[in-house]
Amino acid sequence: MKPLLLIILLLPLAACSVGGSRSASAENDRLRREVLDLNTRIQSLEREREELRVKSAGLIAYPTNPLAPEALEALPLCTSVSISTLSGLRTVDAGKTLAVMFEPRDGRDRFTQVAGSVTVSAAFLPASGAQDAAPVQTARLSPRELRDAYRSGITGTYYEVLLPAPAGYSPAGTSIALRVDLADALTGRTVTGERLIPGR
């Protein structure tokens, strides 16, 4: 009888422990969600602040014919460049070609079309212990060429630039460091985006 009585007495304590553990876990999950939401909000505010800063600089640079305040507030401007995770190697005409897909983003983190020139660079980084790195591949697009690089379809809306892979290039274990420098003709600023495509 004594062991049975001891088990009965311990059951409420075990239940309290399990309930308390679950409560703490739920509270931790809630706090993590709050932190994630706050970080997202901070990033959004920082993008909007950068857009406002660019607009203010534009007013100072071109004060003779400023836009109406309401139109200026609604004007989307490029504040960042995002290189798509869909960027990578393709086989074109039996050869390897690197497709770099990038998106100019405005202060609300939305795709926005731009006018200007762009320089796209790709550094092919060899695997550890392998041969020296291949020469950096670079493409420069004029404003007209940049406009022609606009794409929109089932994979989204973006600009696409094709670069040839180095001669004798082997993708095994090789990472590719991508960089896009966008010279925005509207604001006179250069906005840069970078992404590393890890080797396989």
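The values are calculated or read from the model by the stated rules, or taken from the named source; none is laboratory data. What you are looking at is a predicted structure, and each value in this text was computed from that prediction instead of being measured. Because the Cβ atoms are built from the backbone with ideal geometry, glycine has one as well, and the counts that use them run over all protein chains shown.
Here are the numbers:
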{"read-out": "Those strands (runs of 3 or more DSSP E) lying entirely in region 102-200 with at least 2 residues modelled with pLDDT under 90, in the same structural domain as residue 80 (by TED's automatic domain parsing) and touching a Ser or Thr at 6+ places or on another chain (Cβ under 8 Å)", "value": "116-125"}
{"read-out": "Residues satisfying the stated conditions in region 13-27, i.e. among the charged types (D, E, K, R) and at pLDDT below 75", "value": "22"}
{"read-out": "Subset of region 74-98 (residues that are surrounded by fewer than 20 Cβ atoms within 10 Å (Cβ to Cβ), of a type in the set (A, V, I, L, M, F, W, C) and outside any strand (DSSP E or B))", "value": "74, 75, 86, 94"}
{"read-out": "Residue under evaluation residue 45, criteria (1) at pLDDT 75 or above; (2) within 30 Å of residue 77 (Cβ to Cβ); (3) among the aliphatic types (A, V, I, L, M), criterion not met", "value": "(1)"}
{"read-out": "Cβ pairs under 8 Å, 6+ apart, first in region 26-47 and touching a residue at least 24 places away in the same chain (Cβ under 8 Å), second among the polar types (S, T, N, Q)", "value": "47/79; 47/80"}
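Results for (1) surrounded by 11 or more Cβ atoms within 10 Å (Cβ to Cβ); (2) modelled with pLDDT under 80; (3) in a helix (DSSP H, G or I), shown as yes or no for each residue.
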{"site": "11", "(1), (2), (3)": "no, yes, yes"}
{"site": "29", "(1), (2), (3)": "no, yes, yes"}
{"site": "52", "(1), (2), (3)": "yes, yes, yes"}
{"site": "72", "(1), (2), (3)": "yes, yes, yes"}
{"site": "100", "(1), (2), (3)": "yes, no, no"}
